[in-house]
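For reference, the structure discussed in these notes is given below.
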Amino acid sequence: MFDPGSVDLQGLLQQAQAMQDQLEQAQAALAARTVKGTAGGDLVEATLTGTGELVGLVIKPEACDPTDTESLADLIVAAVRDANHQAMALAQATMPQLPELDL
């Protein structure tokens, strides 16, 4: 049977605070990093922060065909998607593993 008196609340609070501190540090580290995604053989390059914010977009002139803007839009979406996948992988690698709570 569970005995509520056996729970170390002070210890749990300290563990929770330590986890929150680790998460805040990891989030700050992610915000400071960038990843690049490309599409169309590097015709379009998107730069995102580790938190997924789009901060740059480079489109090479040869990607611009005024009669085919749909293809350019597809390249932009693909480059942003590629960068987003990289940002998610970076976040997963950067975020601390949550420890088991000692109850």
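Within region 6-35, which residues are out of contact with any Gly (no Cβ under 8 Å at 6 or more places or on another chain), more than 16 Å from Pro96 (Cβ to Cβ) and touching a residue at least 40 places away in the same chain (Cβ under 8 Å)?
Matches in region 6-35: Val7, Asp8, Gly11, Leu12.
Among the residues in region 57-66, are any within 25 Å of the chain's Cα centre (by Cα) and exposed (fewer than 12 other Cβ atoms within 10 Å of the Cβ)?
Pass one, region 57-66, residues within 25 Å of the chain's Cα centre (by Cα): 57-59.
Pick out the ones that are also exposed (fewer than 12 other Cβ atoms within 10 Å of the Cβ) and you get none.
No: region 57-66 contains no residue that is within 25 Å of the chain's Cα centre (by Cα) and exposed (fewer than 12 other Cβ atoms within 10 Å of the Cβ).
Here are some residues: Asp82, Asp65, Asp74. Which one is among the charged types (D, E, K, R) and at pLDDT below 95?
Working: Asp82 fails: at pLDDT below 95; Asp74 fails: at pLDDT below 95.
That would be Asp65, the only listed residue that is among the charged types (D, E, K, R) and at pLDDT below 95.
From (1) β-branched (Val, Ile, Thr); (2) under 19 Å from the mean Cα position of the chain (by Cα); (3) modelled with pLDDT of 95 or more, pick out the condition that doesn't hold for Thr94.
(3)
The values are calculated or read from the model by the stated rules, or taken from the named source; none is laboratory data. Please read these numbers as outputs of a predicted model, since none were measured by experiment. Positions of Cβ are generated from backbone atoms using ideal geometry, with glycine treated the same way; all protein chains shown enter the neighbour counts.
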